[in-house]
Structures are given as structure tokens and as C-alpha cells.
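Novice: Okay, here's the structure, questions in a sec.
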Amino acid sequence: MLDQKLKQRTIHRAKIIRGQLDGLINAIEKEVYCPGLLEQSRSIKRSLKSLDTLMLENHLKTHVQHQMHGGQEEKAIKELMQIYHLSNK
């Protein structure tokens with residue numbers, strides 16, 4: 001179950017990240033000065049956080065909402081706790 005607008009935004013974000021990662025690989029191969037590599041790496045991390053936010057939004061709007069209205073509150077809570085623990089690692 002995916003929100004189609006969020007799906008398109010998520011795919012777009014993932015493709016941007018793929019391009020950023022390809023750019024970082026090329027920069028490493030060209031032996032770009034380390035601070036430049038680190039800047040690119042940090043940019044990828046920020047993009048991944050943005051992707052995580054989109055995926056979480058989709059999960060909340062679709063699966064969690066469905067579970068809460070369908071009598072599966074415990075399942076929703078368990079999944080949200082898993083996500084919470086992952087975000088704190």
C-alpha cells in the first residue's frame with residue numbers, strides 16, 4: 001500500500017542519491033581532496049535522511065493508519081518502536 005505521490009517523490013529522491021553516490025565514487029577515483037569528499041558524503045547522508053522521512057510519512061499515512069482503524073494497534077505500536085530504535089542507532 002503506497003501513497004502514489006509519496007512513491008514518486010521517494011523514487012525521485014532515491015535516484016538523486018544514486019547520482020550523488022556515483023559522483024562521490026568518481027571523486028574518489030580522481031583523488032579529490034579529502035574535505036571535498038567529506039562534503040559530498042555529508043550531502044548523501046542528508047539526502048538519505050530526507051528519503052527516510054518520505055518513507056516514514058508513507059508508512060504513517062497508509063499502514064499505521066490502516067492498522068489503527070483495523071484493530072491492530074499493538075502491531076502499529078511495535079513497528080513504530082522498531083523505527084524509533086533504528087533511528088537512535
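Read-outs throughout are calculated quantities, based only on the coordinates presented, and are distinct from any laboratory measurement. Quick caveat: nothing in here was measured; it's all calculated off a predicted structure. So basically every Cβ, Gly included, is an ideal-geometry build from the backbone, and we count neighbours across all protein chains shown.
Novice: Specify the angular offset, from 0 to 90 degrees and rounded to the nearest 10, of the alpha carbon long axis of helix 4-29 from the longest principal axis of the alpha carbons in the chain.
Specialist: 30
Novice: Suppose R0 equals 25 Å. What FRET efficiency, 1/(1 + (r/R0)^6) with r the Cβ-Cβ distance, do R18 and M81 give to the nearest 0.05?
Specialist: Efficiency for this residue pair is about 0.25.
Novice: Okay, next question. Note the full-extension length gain between R9 and H69 as 0.36 nm times their separation in residues minus their Cα-Cα distance, in nm to one decimal.
Specialist: 19.0 nm
Novice: Compute the angle between helix 34-59 and the longest alpha-carbon principal axis of the chain, please, reported from 0 to 90 degrees and rounded to the nearest 10.
Specialist: Here the helix axis deviates by roughly 20 degrees.
Novice: Kirkwood Rh and Cα-based Rg: tell me the resulting Rg over Rh for the chain, rounded to two decimals.
Specialist: Using Cα coordinates only, the ratio equals 1.14.
Novice: Number of Lys-Lys pairs in the stretch 4-87 under 19 Å by Cα, sequence gap 8 or more or different chains?
Specialist: Lysine pairs meeting both conditions in the stretch 4-87 amount to 11.
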